[in-house]
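Student: Dropping the structure in here first, questions after.
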Amino acid sequence: MSAPDSCCFTTREAERPQEAVWRRCAEEIQTAVEDQLTGESGPVLVDAIPTTGKTHATARVANAIDDPILLVSHLHETRDTLVREIDSDTLVRLPALERDCPTVTDEHPLGEELTNQNARGASPYFLHQRRRDELPCMDDGDCSYVKRRDAAVDADVLVGHPTHALSEELVEGRVVIFDEDPGDAYRTQFNTAQRTQAANQFLQGYDQLDVSRVDQVKALASLDEIDGVGASDVLETLGSIGESARQTEALEEGGHAEAPSITLAALELQRQALQEMAGDFDDPYAEDLRQNLGLGYVELPDGTTVVEDLESEALYIRRPPDLSGAAAIVGLDGTPRPAVWKGRIGVDDLVHRQLLCDECRGTYLTEHVGYEFIQTTEGANPYSSGQHVNDAQCYALLEAASKNHDQQVPVITTKKAQTRLFESSLDGPHLSDPSISSFVTNVRHYGDLRSSNEFEGESVGIVLGSPHPGDAPIKVAAAFEGYLAQRGDGRGMDLDYGIADHPFLQHFREDKVAQAVFRFGRSSPATVYIHTAALPDWLAAVTRRPKDGTIVRTRNDGERSIIRTLREEGGGEEKDIHAREAVEIGERQVRKLLKRLDKEGLVDRSDAQPYQWTPEDIGSASLVAEVCFPPKG
Ligand SMILES: [Zn+2]
Ligand SMILES: [Zn+2]
């Protein structure tokens, strides 16, 4: 490391920086745990940029501490790594329905039903108990899913999915480590038809309330009672409904374990609608959301939060885990936003700790992992809709990068841009020969990256454009966390939702770009071209950026005709070139273009007049654009 001794590394460690960083990462996690065990700190979010070995570090910590521990990750491959690297006599890999239940894995007809019931909110454990008599996997003693789940309570080390943290029994007394942002693991989304059906189905089968339709429940917001049932009865009964009754709702098609919450939320949301009409809200935050953003917001008695997009009628229910019994809580994230994390894991406060100072991060990435990041635009290039994709620019960048590195290059972009660029013919005759696909190896879109390691070890990669999910997901995500995300007038890099530091926009845009960038290389050096300026600050700090703004200058028809004639008929004097049939521009223009090509090193001008123009490297010249990547330093 070039950074001094006093910084994140000692000189001795600097000889093996990768190892040193992994060790630092483990130390950071372990300190976060110990500080909580001794009561010196609350839950900690460890901010560890990609490639710092978070999963290996987690395994190291699990090996080092004596306390019981629960490690959760979305990805089977991460869990595989943890199980492999943790040395414990009593490690249990928490079961997954799709891997550990023979009824599902053997494709028994009941398997699909189990999977669907699980998706509707019933836990696999509940399903195995409730359907014990029907399930073939329960014929001969307990299913391996159940056995493994039963063994978990006494095991020292548990490795599972974020949904396992929903079990208080598995969390109690343990150090809980989230290997990554739990995402939407604790959130369920319903459209109008789904929510109505689930609620009606629930009410029809629920004999403790004498109403059978959710619109009757809504009517209770303004009526004293219907058939002897009042709003307070609904609140009281549904507010304290048991876990088993909830999960039972998932058994029937169209039902859902969240049906009681949907019903309760319907009453509260209707009450707010009436308050809005009367101009008399009892919850100022709900009032702000409803009046400024068109969102309904309700907190239910059991800690569940509900957000409704009033325009689309989409309903989001979030039921975070109860981690109050955990001995310590640590979140690990390469692109963390505490504002996004807190509510997702249901904690009030989260201490943010950064692994490596900003300077050492830069040194580590560029000098030790060997990354070279090249930003090729000053625009955000929002490519999610596909409408802002500039075909010629993308073509020219891919052409130039593949030429620079003398190889086809892998690409990550948005789904719509992928379709537009690689699955249809491009706009412009000069964009088809050779085809844009001839410059690339394979193409992935932002949405299908999560579990993919296929670009690891690639020495070149290109990220085209930035994703943006639309305003609604940003508004909804922010609403859950207590923020009003109100879109201002700015566009592109000036896009702003009126929240300091833009945590939600950056979570959905900048952080996704960073995650894409770090798909390339990882374990080996890589040059990554990034065709968007939407980068997190720490990444922008180590990225070569356009100096005067222009990286790709597209050529016009006149320029193309000069290149073509130089290729086909060779060089000559300016007036001869001008006189050629293929050249339809004025002589002054010809001179200007020849000078430009001279600057690019594509032609050579003789010293004496009349000037002779001789093609140099004209065969390799792009007909589409001149591309000048930003220089080093
Ligand atoms: Zn440092
Ligand atoms: Zn089973």
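Derivation of every value follows stated rules applied to the coordinates shown; laboratory data play no part. Predicted, not measured: the structure shown is a model, and the values here were computed from it. No Cβ is skipped: glycine too gets one built from the backbone with ideal geometry, and neighbour counts run over all protein chains shown.
Student: With a ≥ b ≥ c taken as the square roots of the eigenvalues of the C-alpha gyration tensor of the stretch 252-302, please select rounded if a/c is under 1.5 and otherwise prolate if a/b is larger than b/c or oblate if it is not?
Tutor: prolate
Student: Could you run the Debye sum over the Cα atoms of the stretch 245-396, one equal point scatterer each and no solvent, and tell me log10 of I(q)/I(0) at q = 0.12, 0.19 Å⁻¹, two decimals?
Tutor: Per q value, in the given order, log10 I(q)/I(0) is -0.87, -1.18.
Student: Further, regarding this structure: What is the percent of Cα-Cα separations in the stretch 435-584 that go past 18 Å?
Tutor: 70
Student: Sticking with this one: Distances over 49 Å make up what percent of all Cα-Cα pairs in the chain?
Tutor: Tail fraction, whole percent: 25.
Student: Mind checking the angle between helix 471-480 and the chain's longest principal axis? C-alpha axes, 0 to 90 degrees, to the nearest 10.
Tutor: 40
Student: Between PRO631, GLY488, SER459, whose Cα lies farthest towards the positive end of the dipole of the chain when Lys and Arg beta carbons carry +1 and Asp and Glu beta carbons carry -1, centred on the Cα centre?
Tutor: In the chain, that residue is PRO631.
Student: Antiparallel DSSP bridges in the chain: what percent, to the nearest 5?
Tutor: The answer is about 35 percent antiparallel.
Student: Over the alpha-carbon set of the stretch 5-78, divide Rg by the Kirkwood Rh and report the Rg/Rh ratio to two decimals.
Tutor: Rg/Rh: 0.99.
Student: Follow-up question, since we're still on this one. Per the Kirkwood definition applied to all pairs of different Cα atoms, how many angstroms is the hydrodynamic radius of the stretch 1-146?
Tutor: After inverting the mean inverse Cα-Cα distance, the result is 18.4 Å.
Student: Next question, about the same structure. Rg and Dmax of the stretch 187-318, Cα atoms, in Å?
Tutor: Values for the stretch 187-318 (Cα only, Rg and Dmax): 14.0, 41 Å.
Student: Order of 402-411, 277-286 by packing, highest average Cβ count within 10 Å first?
Tutor: Output ranking for 402-411, 277-286: 402-411, 277-286.
Student: Would you mind checking which residues have amide H under 5 Å from ARG174's amide H? H placed 1.01 Å from N; only 5 or more apart, or other chain.
Tutor: ALA327
Student: Ok, one more. Taking a ≥ b ≥ c as the square roots of the Cα gyration tensor eigenvalues, with a/c under 1.5 meaning rounded and otherwise prolate when a/b beats b/c, else oblate, which class fits the stretch 115-205?
Tutor: oblate
Student: Which of the peptides 193-199, 516-522, 570-576 is most tightly packed, and how do the rest follow, judged by the mean count of other Cβ atoms within 10 Å per residue?
Tutor: So the order, starting with the most tightly packed, is 516-522, 193-199, 570-576.
Student: Go through LYS416/LYS512; LYS512/LYS632; LYS575/LYS595 and tell me which ones have a Cα-Cα distance over 19 Å in this structure.
Tutor: Over 19 Å apart, Cα to Cα: LYS512/LYS632.
Student: Just the Cα atoms of the stretch 555-627, one point each, no solvent: what log10 I(q)/I(0) does Debye give at q = 0.18, 0.23 Å⁻¹?
Tutor: With no solvent term, the Cα-only Debye profile gives -0.59, -1.01.
Student: Tell me, what ³J(HN,Hα) does each residue in the stretch 609-616 have, in order and in whole Hz, if you take phi through Karplus 6.51 cos²θ - 1.76 cosθ + 1.60 with θ = phi - 60° and put x for Gly and Pro?
Tutor: Couplings: 7, x, 4, 9, 9, 10, x, 9 Hz.
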